[in-house]
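Novice: Before I ask anything, here is the structure I am working with.
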Amino acid sequence: MPITPVETDVDREGQRIRWRCRRGLLELDLVFTRFLETRFEGLTPRERETFTALLERADTDLWDLVSGRHRSDSAAEQALLDVLGTTNVV
């Protein structure tokens with residue numbers, strides 16, 4: 001009988017976040033995919049909450065924030081948006 005890995009709460013959280021990062025805008029998909037691959041694991045619990053809250057926004061509003069067209073009124077959100085922006089500099 002094959003051994004199946006035990007799914008942890010961390011695994012499930014990662015899967016939920018990855019699913020929520022799938023967006024209608026290709027640009028956001030690309031930004032979030034790279035962020036998840038390179039920086040997400042290093043976030044504090046508070047930063048993860050902030051990131052999850054950002055994902056509640058509509059794609060167009062979120063893209064304006066991620067692309068730097070607009071700034072967030074929340075210092076915590078803006079700090080995370082700054083990290084998102086620097087993660088995706090080519």
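Novice: Among the hydroxyl-bearing types (Ser, Thr, Tyr), in contact with a helix residue (DSSP H, G or I) (Cβ under 9 Å, 6 or more places away or on another chain) and modelled with pLDDT under 85: does that describe THR38?
Specialist: Here the answer is no, as THR38 does not meet what is asked.
Novice: Evaluate the following for LEU30: is it modelled with pLDDT of 85 or more, surrounded by 12 or more Cβ atoms within 10 Å (Cβ to Cβ) and within 11 Å of the chain's Cα centre (by Cα)?
Specialist: Judged against the criteria, LEU30 is a match.
Novice: Still on this structure, I have one more. Can you find even one residue in segment 64-85 that is within 12 Å of the chain's Cα centre (by Cα) and among the polar types (S, T, N, Q)?
Specialist: Within segment 64-85 (the criterion being within 12 Å of the chain's Cα centre (by Cα) and among the polar types (S, T, N, Q)), the answer is no, since none of the residues qualifies.
The values are calculated or read from the model by the stated rules, or taken from the named source; none is laboratory data. All values reported here derive from a predicted model rather than from experimental measurement. Because the Cβ atoms are built from the backbone with ideal geometry, glycine has one as well, and the counts that use them run over all protein chains shown.
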